[in-house]
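What follows is a single structure, written as structure tokens, with notes after it.
The values are calculated or read from the model by the stated rules, or taken from the named source; none is laboratory data. Fair warning: this is a prediction, and the values are worked out from it, not measured in the lab. Neighbour counts are summed over all protein chains in view; Cβ atoms, including those assigned to glycine, are modelled from backbone coordinates with ideal geometry. With ligands, DNA and RNA removed, areas are computed over all heavy atoms of the protein, side chains included. Shrake-Rupley method; radii C 1.70, N 1.55, O 1.52, S 1.80 Å.
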There are 2 protein chains.
Amino acid sequence: VNLDLQLSTLKRGVVDLHTEPDLRQRLQRGKPLRIKAGFDPTRPDLHLGHTVLMRKMRDFQDLGHEVVFVVGDFTAMIGDPSGRNLTRPKVSAEEVRAAAQTYAEQAYKVLDREKTKLVYNSEWLNQLNFSKVIELAGRYTLARMMEREDFKTRYANHASISLHELLYPLAQAYDSVHLACDVELGGSDQLFNLLVGREIMREYGLPPQIVMTTPLLEGINARVENGVLVGDKMSKSLDNYVGVDEPATEQFGKLMSICDDLMWRYYELLSRGDDDAWKEKRQRCLSGGMNPRDAKIELAMEIVAQFHDEAAARQAREAWESQFSARHAPQNMTQWEHQGEVALMIALSRSGAVSSSSEARRRLEAGAVRVDGERVTDVHHKLAPRAEPYEIKAGKRDWVRVIVRAP
Amino acid sequence: VNLDLQLSTLKRGVVDLHTEPDLRQRLQRGKPLRIKAGFDPTRPDLHLGHTVLMRKMRDFQDLGHEVVFVVGDFTAMIGDPSGRNLTRPKVSAEEVRAAAQTYAEQAYKVLDREKTKLVYNSEWLNQLNFSKVIELAGRYTLARMMEREDFKTRYANHASISLHELLYPLAQAYDSVHLACDVELGGSDQLFNLLVGREIMREYGLPPQIVMTTPLLEGINARVENGVLVGDKMSKSLDNYVGVDEPATEQFGKLMSICDDLMWRYYELLSRGDDDAWKEKRQRCLSGGMNPRDAKIELAMEIVAQFHDEAAARQAREAWESQFSARHAPQNMTQWEHQGEVALMIALSRSGAVSSSSEARRRLEAGAVRVDGERVTDVHHKLAPRAEPYEIKAGKRDWVRVIVRAP
């Protein structure tokens, strides 16, 4: 593959690259590079955020390079030594292996299984005795370690830093020494640790690894504020994620809910093919030659197919479309306004959505009424004043938009 | 042994004691305590400074306690990781063992060989793998470690602190955990490390060790300035030491050269018997009932006998006395004063030490003249102005004290 093309594919979406001349030079040798990326096996459920990095690993694989998937079981088995319960490992070796296997199976939905070397860092880190640890620690200074943003801040704020925390970046760096890797990939929040690896390799007389970081993916609820995409990074605890193992219809629906700007971000970080493909698509949407909803459907199809298959993606699309037409309001619909709280039954009849209040009661009891897509059967249901209109469906085709103002 | 008597013997000459109530309580149990002291085997030549600590260990032994002599071979074998030559150990295991044996043989001149347990900390520290090291490091915070004076100063001054340096106090602390010792002894410059041991033992659920430190002994050239004893600590590089392995006459001569205040310091820290014995002796010297020189001879005899034997001590004394009378000035002698630098030959003749300047020249050339005990044969030798008088011997019995004032 042409060197410039390789470089442009590999650099796509990357936050940090230390350094581009190094990468170019290493690629020029014409030998496959060894790419390392580490994962914490104690959080086995992958979501799209994790796959940004895996997408980059896959880019390397597709270009013929060797990917080493390092399961960080060593630290997982130690548990968190900052807690009080130190004498027993947090999880057993078997549990870690099982979790890592689950993790890897999910990862293979993005990675090429045949071209992925799965290793556990306990294999070599457990072999390090105290002498070797001291030797390793002797290669790095406290001052350099304290350049890490969180250490610096905590130290300045007199927040506790346990001494073992200073050893973790060294352990990760030693992985690079052991593997003699050419490139280490990680999330942009891992930059410091990755650069420690680069320096420690030099100390051990190895060519220093090239460091590349991928962005932290925004969650599906990110929105544009003042022209800028704003949102927390995708995480399970914030419930703004698309899980790799979720059902196809669930994934599809979540992806269809994202705003347009986020869609282009996801295109950049999660879709395959070169940059030009999605940029051209964006251009067509901006110029009115393509409906953004169709672009979103194509993105959702690609991602769902990656985690399931083409057929599942098609089914998910069909399910979403029928649900959409069932649940979502047409662009133009009757609008009715009311001042102060109002009973749903009254709103239905007065707005003209149904012919009478007895008809409204009948439809409610029959389960034919949805408010904002949610079925309502309670005939005493009230609509409280609020800023946004209620979108109410009173039957197969009967829609009304109700605005309830404060009294 | 009576508890209060034990306590007073053990506390004699001690700088730090953490804590006295703990020590009292531990002694009250009536079981022998386990006393730990660590030594660096890479400096195998012991001098009197080292024996202060051993003297304290011996006190414990004499009271029936168990002394564990920890050879710090673990760190010695690692070498200094702050240097660049890291890949090879500084010294081999065999070399360390040999040095440790030499060290121990010298130590047994103070310690009771039969009651001393000699152990090498590599036995257990080499067994610590990375997980255990992380567990250990997780028990201590960076902030606490940075309370150590030298770390604090170096960090503040942007001087380099290598990360492995933070691990050494933890290694020493782990020795205490492994040995489950009751007391750790060390030089007063070791206080911080010893206290880390105390805390780490608590973290591992063990009764925290009692920490006792002994003073750093002043070298033989310490002098009184403004009523205070001032001098560097004894060290080989400053050439102000009395070596444990030096010949008896050498030791005796060096000890006889110390000033009176230093003599009482040495009595306190190096002699056996209770405090009252030497304090009474000091009282007699101060009241004129005893010549301080005789007290010094008794001290030198005791110390030399400890490192050699009684007979060797007697011989050293005799040799010193005959040399002394040959080299040292009588108490009363002629005194001659001169303002400004003066030639030795002039001083000899004018002071009346010799009959003429040609006689002075003859004696100088014959090697019969000593200035402050040092032979002078140069006929052009000059005496510069100085505060103390010169003690000049011009022949077998011809002494003169020459005071040369500034012009």
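Points worth noting:
- Summing +1 for each Lys or Arg and -1 for each Asp or Glu among the other residues whose beta-carbon sits under 15 angstrom from that of A:Arg198 gives -2.
- The antiparallel fraction among DSSP beta bridges confined to the range B:149-267 stands at about 45%.
- A:Glu341-B:Arg202 pseudo-label distance in nm [points 7 Å out on the Cα-to-Cβ vector]: 5.9
- Antiparallel bridge percentage (DSSP; both residues within the protein assembly as shown; nearest 5): 45
- 20 Å binning of all Cα-Cα separations within the protein assembly as shown, expressed as whole percents from 0 upward: 12, 29, 23, 18, 11, 5, 2, 0
- Relative to the dominant Cα principal axis of chain A, helix A:310-327 is inclined by about 30°.
- Backbone N within the range B:374-388 under 18 Å of label point (7 Å from B:Thr334 Cα along the Cβ vector): B:383
- Set of aspartates and glutamates near B:Lys236 by C-alpha distance (under 16 Å), chain-local residues within fewer than 8 positions excluded: B:Asp40, B:Asp45, B:Glu218, B:Asp245, B:Glu246, B:Glu250
- Square roots of 5 times each gyration tensor eigenvalue, C-alpha, the range A:135-218, largest first, Å: 22, 18, 9
- Debye equation applied to the C-alpha atoms of the range B:317-407, log10 I(q)/I(0) at 0.10, 0.16, 0.18, 0.20 Å⁻¹: -0.23, -0.58, -0.73, -0.89
- Extension gain for B:Asp378-B:Arg405 works out to 7.5 nm (0.36 nm per residue, less the C-alpha to C-alpha distance).
- Cα-based convex hull volume of the range B:135-177 per residue, rounded to whole Å³: 70
- Stretch gain in nm, segment B:Glu321-B:Ala143, where the contour uses 0.36 nm per residue and the Cα spacing is subtracted: 58.3 nm
- Gyration tensor over alpha-carbon atoms, chain B, equivalent ellipsoid semi-axes in Å: 50, 25, 20
- Degrees, to the nearest 10: A:357-366 long Cα axis against longest axis of chain A: 40
- Among beta bridges that DSSP assigns inside the range A:322-407, antiparallel share in %, nearest 5: 60
- When a 1.4 Å probe is rolled over the protein heavy atoms, the share of accessible surface on the protein assembly as shown that falls to carbon and sulfur comes to 46 percent.
- Computed FRET value (nearest 0.05) for B:Arg272 with B:Arg314, which takes r as the C-beta separation and R₀ as 30 Å: 0.95
- Whole-number accessible area per residue in Å² for the range A:33-76, which is evaluated in the context of all protein chains at 1.4 Å: 25
- If you plug the beta carbon distance of B:Arg362 and B:Leu63 into 1/(1 + (r/R0)^6) with R0 = 60 Å, you get a FRET efficiency near 0.40.
- Share of pairwise Cα separations in the range A:109-253, more than 21 Å, in percent: 60
- Axis of helix A:260-270 versus longest Cα principal axis of chain A: the two differ by about 30°, to the nearest ten degrees.
- Dividing the convex hull volume of the alpha-carbon atoms in the range B:276-329 by its residue count gives 80 Å³ per residue.
- The residues of the range B:176-226 expose on average 35 square angstrom of accessible surface per residue, using a 1.4 Å probe on protein heavy atoms.
- Cross-link table B:Lys109/B:Lys233; B:Lys109/B:Lys132; A:Lys254/A:Lys382; B:Lys56/B:Lys393; B:Lys109/B:Lys281, entries beyond 32 Å C-alpha to C-alpha: B:Lys109/B:Lys132; B:Lys56/B:Lys393
- For the range B:351-401, the spread of Cα positions along the three principal axes, ordered from largest to smallest, is 29, 21, 18 Å.
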